[in-house]
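Heads up: the structure comes next, in structure tokens.
The values are calculated or read from the model by the stated rules, or taken from the named source; none is laboratory data. Remember, predicted model here, so these are calculated numbers, not experimental data. Because the Cβ atoms are built from the backbone with ideal geometry, glycine has one as well, and the counts that use them run over all protein chains shown. Only protein heavy atoms, including side chains, enter the accessible area calculation; ligands, DNA and RNA are left aside. Shrake-Rupley method; radii C 1.70, N 1.55, O 1.52, S 1.80 Å.
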Amino acid sequence: MQGKELGDYIIEVERIRKTFPDGVQALYDFSTRIRRSEVVVVIGPSGAGKSTFLRCLNGLEDFDSGTITIDGIPLDDNKENRFEIRKEVGMVFQLFNLFPHMTVLENVNLAQMLVRKKNHDEATKVTMSLLEKVGIPDKAQSYPSQLSGGQQQRVAIARALAMVPKVMLFDEATSALDPEMIGEVLDVMKTLAQEGMTMVVVTHEMGFAREVGDRVIFMDEGRTVEEGSVEQIFSNPQKERTRQFIGQIL
């Protein structure tokens, strides 16, 4: 996004490695730094390590070596550090992970009351403002089964935002949606980017990447092949592997 003010580095990743028990090496000496208010789009073929990188960022996945620091807090074995980072890093998954037996209001209220220690009225006030933001205030008393996929994903985004995160991670948040529902979720993500939310987005939506991204990281086989501005990666990639991938998807 041209002309946007970026702050200091809020995420610092230094040479992390991750090998799964079956021997698959998902990340190999992967490093990057992300500034406040920056929108970083992560692209690459299936199995490149993109989702594993996101899951490492909020402590859902342990890594074997290297360091991750988020807003000055090291992501290590310290339980308090991990809890603090999970409060500050919101994540939206490919699947919505809503509780089916709870209404939309209850789904978004839950973590606010459990983690942020808000009472019901305080949480509900925040929830309703966020449902307004994502365009579905009329669905507060609906259950997930009564919503479209796009509406469920917008609830998931509202739930993540309710924790007032400093960083939002999106792991292919539109890939499980019908084509006509993708736009409504991307519109919410664009609004967040315009408001200055720090975002790391794994996506196959290249139009979104071009419109909203500040920087693109192209990953393959657990490594960064190339990273740069949206214009550079899409219009003038330097590495042959990047050119090959971009040629296939555009």
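Structural remarks
- Flag for GLY247 being surrounded by fewer than 19 Cβ atoms within 10 Å (Cβ to Cβ) and either among the β-branched types (Val, Ile, Thr) or assigned to a loop (DSSP other than H, G, I, E, B) (or both): no
- Among residues of region 1-22 being at pLDDT 90 or above and not in a strand (DSSP E or B), the one that is least open to solvent (accessible area, probe 1.4 Å) is PHE20.
- Test for LEU130: is it crowded, with 18+ Cβ neighbours inside 10 Å, of a type in the set (A, V, I, L, M) and part of a helix (DSSP H, G or I): yes
- Complete set of residues in region 218-250 that are of a type in the set (Val, Ile, Thr) and touching a Gly at 6+ places or on another chain (Cβ under 8 Å): VAL225, VAL230
- Matching residues in region 154-169 - criterion: being over 23 Å from ILE43 (Cβ atoms) and part of a helix (DSSP H, G or I): ARG154, VAL155, ALA158, ARG159, LEU161
- Reported count of residues in region 170-196, each being surrounded by fewer than 18 Cβ atoms within 10 Å (Cβ to Cβ), outside any helix (DSSP H, G or I) and modelled with pLDDT of 90 or more, is 2.
- Flag if LEU95 is assigned to a loop (DSSP other than H, G, I, E, B), touching a residue at least 24 places away in the same chain (Cβ under 8 Å) and either among the small types (Gly, Ala, Ser) or out of contact with any Lys or Arg (no Cβ under 8 Å at 6 or more places or on another chain) (or both): yes
- Checking each residue in region 133-152 for being within 19 Å of THR191 (Cα to Cα) and either in contact with a Phe, Trp or Tyr (Cβ under 6 Å, 6 or more places away or on another chain) or open to solvent by 70 Å² or more (accessible area, probe 1.4 Å) (or both) picks out LYS133, GLN152.
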